[in-house]
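No lab work stands behind these numbers, since they all come straight from the coordinates. The structure displayed is predicted, hence computed values, not measured ones. Cβ: placed from backbone, ideal geometry, glycine included. Neighbour counts: every protein chain shown.
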Amino acid sequence: MSNVYIRFVARASPPLQRSPLIERLIARASSSVQVLDWRADALGLVGPPGTRMPPVATMALRGGAAGAVGAAAPGAATRTAVGAWVCVATPVHLSAGMTHVMFPVEGVLQLEAVDASALAADFNRVFAGAGVRMAVGGSGALFCVFDEALLVATHDPESALGQDVFDFQPSGRDAPRLRRLASEIEMWLFDHAVNRQRTGRGLPAITGLWFWGGGEASADIPTLPVWAAGRDVFFAVFGEAAEWPRESGSGVVVLEDCPGSDTWPEVERRWLQPAVAELRAGHIAQIHVSGARRRFTITRGLSLRFWRPLRPWWEALGMRDDGSDGDDGSHGNE
């Protein structure tokens, strides 16, 4: 039987709004667990048993370029030579204070394809001979491809939203190289033409690139019969469905809208209501609802456990009302 994994990646500034449907699903879940890597968790639930999690950057860059997985987005092919190690280079807008640098909840930036291509071309000119080059993937995602393999641990930018970035710096043997490159990129971007154009259009400037999801560029990538919706750099390789598929198998839906927001009713119409209908009809076995560091599993018995009270969705997902993570592992269902 198929599974559908619904992930909430949005962080919103307070005040957060209640959302009855998602809160009802969470309250009637059959189980919940703490999740440290939601992409690996999702892949394990929608993919065949034993599916190995590839590096995020390798999957996103090579999977999209080769069209080897699902239905890659048009124009996802990447014109770059294969290196030894690749990581995602997410454009961000960080806020520097007197004693700390904060990652605003709106700090992850989406670039238009033309801006991404312009940055990549200029990066490869400026940093020529440094053993690293920039590639553009599907939907304008940026990647740094290194000639040598790196031993370094990084953090998904989602985990740092709303927090001081000090505790989320790269670590490991080759972390100094990434940190030096990040500093050089900050200076390169400071008065870059792309940033001047962005600020002229009223858009936030790109203050840096956030390195994460790295791994061996030659790592194996799986071929899976999975559909996907949303702009996640990893799961977008499987496609970017705009509506619930008519013949729905297992799939992953990544939502950037915040529950209770003005755009939320349309999200419920497109994804949550069809998921519940498919579950009740027996066409899918489980709905998995994930956000922050929690994942709830809902089965066909969702009409049971009706006595459970509804609580704010951000509390159930282990988030504080300011949108930051605050899970202490005590939010499981009885």
Task: Placed amide H near Leu94: partners under 5 Å, 5+ positions off or other chain - done: Thr207, Gly208
- [ ] Return a whole-number percent for the relative contact order of segment 85-216, with Cα pairs under 8 Å and 6 or more residues apart as the contact set.
- [x] 36
- [ ] Would you mind ranking Asp147, Asp156 so that the residue whose beta carbon has the fewest other beta carbons within 10 Å leads the list?
- [x] Asp147, Asp156
Task: Karplus (6.51, -1.76, 1.60) ³J(HN,Hα), θ = phi - 60°, over segment 290-296, in Hz, Gly and Pro reported as x - done: 10, x, 6, 10, 10, 9, 10
- [ ] May I ask you to list the residues of segment 97-115 whose amide nitrogen lies under 18 Å from a point 7 Å from Cα along the Cα→beta-carbon direction of Asp122?
- [x] 109-115
TODO: Let me know the charge dipole size of the chain about its Cα centre in debye, to the nearest 20, where only the beta-carbon of Lys, Arg (+1) and Asp, Glu (-1) is charged.
DONE: 580
Task: Amide H contacts under 5 Å for Ser31, placed H, 5+ residues apart - done: Thr297
Task: Contour minus Cα-Cα distance for Asp262 and Arg311 (0.36 nm per residue) - done: 15.6 nm
Task: Efficiency of FRET from Cβ geometry, Arg173 and Arg196, R₀ 41 Å, rounded to 0.05 - done: 0.65
Task: chymotrypsin sites (Phe, Trp or Tyr not before Pro) within segment 250-319: DSSP coil, no more than 15 neighbouring Cβ in 10 Å - done: Phe306, Trp307
Open item on the list: Amide H of Gly162 versus every other amide H placed in the peptide plane: which residues, excluding those fewer than 5 positions away on the same chain, fall under 5 Å?
Closed with: Phe103, Val105
Task: Using a Förster distance of 51 Å, the FRET efficiency for Ser218-Arg18 (Cβ separation, nearest 0.05) - done: 0.60
Task: Sum of -39500 (n - 2.57) over DSSP H runs of 4+, divided by residues of the chain (222 nm, nearest 500) - done: -6000 deg cm²/dmol
Task: Label zone at Ala130 (point 7 Å along Cα-to-Cβ), backbone N below 13 Å, segment 153-182 - done: 177-182
Open item on the list: Under a crude label model (7 Å from the Cα following the beta-carbon direction), how far is Glu186 from Arg246 in nanometres?
Closed with: 5.3
Task: Order by protection proxy (mean Cβ within 10 Å, highest first), peptides 277-283, 289-295 - done: 289-295, 277-283
Task: Cα-Cα separations in the chain greater than 31 Å, expressed as whole percent - done: 33
Task: 5 Å-binned pair-distance histogram of segment 85-216 (Cα, whole percent) - done: 2, 10, 20, 26, 21, 14, 5, 1, 0
TODO: Can you run the Rg to Rh ratio on segment 164-293? Use alpha carbon positions and the Kirkwood inverse-distance Rh.
DONE: 1.06
Open item on the list: Counting other beta carbons within 10 Å of each residue's own, what order do Leu36, Leu111 fall into, fewest first?
Closed with: Leu36, Leu111
Open item on the list: Through the Karplus equation 6.51 cos²θ - 1.76 cosθ + 1.60, θ set to phi - 60°, convert the phi angles of segment 234-247 into ³J(HN,Hα) values in whole Hz; use x for Gly and Pro.
Closed with: 7, 7, 5, 4, 7, x, 9, 4, 8, 9, 4, x, 5, 9
